[in-house]
Ligand SMILES: C[S@@+](CC[C@H](N)C(=O)[O-])C[C@H]1O[C@@H](n2cnc3c(N)ncnc32)[C@H](O)[C@@H]1O
């Protein structure tokens, strides 16, 4: 993603620790985790503390490279892997079936985007079984950058496919009800430090929950978050959605 490539170094300098919303997310994290839109990997150490394996995926090659450096010890220990890819295209990816085997290394890597690396890889993953390989899919501060409804629906189809039955989805987006966004519409460009403009879609809880329900998820719950705890709508920084892929 060009915008994030262009701010990657500055972003990395200012995002050295896990994001403030993570304490609300962490208790739901377990097993094999896909972190879609992982950025510079600032959340990975905390996620790896709860998960058996974290697979961080991002479309910014610059941020992925920094993530690899920031998390080199966890990568070397086999606790974290990073892959290049667009999370709107996960429906097309055949994930390796056995992420949790001790010697497993995904065939995807930074120079070989996920969506291309596994094209035609007929023998692995959930394309055959229809069941995913992840216990949790997280999309933290990234889903609101998708510009079209079609892209959001495609991402959710891919998240659902990537999850095992009973697997958990968590999406964190900025809270539209914050005072500083009150003058903005549903779609806005927000400058990064007065420079490049990043696209945001500002969701209401109802809009986000409706999309997720229509994508086939169950037990959809939305919370407002401030400083890592549930909060009232207006003062909250983020909207946090939890949902589950139904069994059967
Ligand atoms: C605001 S950053 C958040 C990074 C990290 N999740 C965090 O909490 O700090 C958004 C990230 O999503 C990534 N991203 C946006 N759209 C994406 C897409 N369609 N596929 C993969 N990554 C995407 C960007 O490259 C960027 O790294």
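Tabulated values for the structure
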{"quantity": "Of residues in segment 193-207 being touching a strand residue (DSSP E or B) at 6+ places or on another chain (Cβ under 7 Å) and surrounded by 15 or more Cβ atoms within 10 Å (Cβ to Cβ), the one farthest from residue 235 (Cα to Cα)", "calculated": "198"}
{"quantity": "Residues being under 22 Å from residue 160 (Cβ atoms), more than 11 Å from the ligand (Cβ to nearest atom) and out of contact with any helix residue (DSSP H, G or I) (no Cβ under 6 Å at 6 or more places or on another chain) - total across segment 48-60", "calculated": "4"}
{"quantity": "Counted residues, segment 134-154 - those being buried (at least 24 other Cβ atoms within 10 Å of the Cβ) and over 21 Å from residue 225 (Cβ atoms)", "calculated": "1"}
{"quantity": "Every residue from segment 61-78 that is farther than 19 Å from residue 17 by Cβ and touching a helix residue (DSSP H, G or I) at 6+ places or on another chain (Cβ under 7 Å)", "calculated": "61, 62"}
{"quantity": "Single residue of segment 4-20 satisfying the filter (out of contact with any helix residue (DSSP H, G or I) (no Cβ under 6 Å at 6 or more places or on another chain) and within 8 Å of the ligand (Cβ to nearest atom)) that is nearest to residue 163 (Cα to Cα)", "calculated": "19"}
{"quantity": "Test: residue in segment 152-162 that is outside any helix (DSSP H, G or I) and touching a helix residue (DSSP H, G or I) at 6+ places or on another chain (Cβ under 6 Å)", "calculated": "no"}
{"quantity": "Condition met for residue 151 (touching a residue at least 60 places away in the same chain (Cβ under 8 Å), within 10 Å of the ligand (Cβ to nearest atom) and farther than 17 Å from residue 34 by Cβ)", "calculated": "yes"}
{"quantity": "Unmet requirement for residue 243, which otherwise passes all of (1) touching a residue at least 60 places away in the same chain (Cβ under 8 Å); (2) surrounded by 13 or more Cβ atoms within 10 Å (Cβ to Cβ); (3) within 16 Å of the ligand (Cβ to nearest atom)", "calculated": "(3)"}
{"quantity": "Residues that are more than 15 Å from the chain's Cα centre (by Cα) and in a loop (DSSP other than H, G, I, E, B), drawn from segment 1-29", "calculated": "7, 15, 16, 17, 20"}
{"quantity": "Of residues in segment 208-232 being farther than 20 Å from residue 26 by Cβ and exposed (fewer than 15 other Cβ atoms within 10 Å of the Cβ), the one farthest from the ligand (Cβ to nearest atom)", "calculated": "218"}
{"quantity": "Leading residue by the ranking (farthest from the chain's Cα centre (by Cα)) among those in segment 172-186 that are under 25 Å from residue 35 (Cβ atoms) and modelled with pLDDT of 85 or more", "calculated": "176"}
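Residue by residue, here is whether (1) part of a helix (DSSP H, G or I); (2) within 12 Å of the ligand (Cβ to nearest atom); (3) out of contact with any strand residue (DSSP E or B) (no Cβ under 6 Å at 6 or more places or on another chain) holds:
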{"site": "35", "(1), (2), (3)": "no, yes, no"}
{"site": "40", "(1), (2), (3)": "no, yes, yes"}
{"site": "46", "(1), (2), (3)": "yes, yes, yes"}
{"site": "68", "(1), (2), (3)": "yes, no, no"}
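The values are calculated or read from the model by the stated rules, or taken from the named source; none is laboratory data. Source: prediction; values computed, not measured. Every residue, glycine among them, receives a Cβ derived from its backbone with ideal geometry; neighbour counts consider all protein chains shown.
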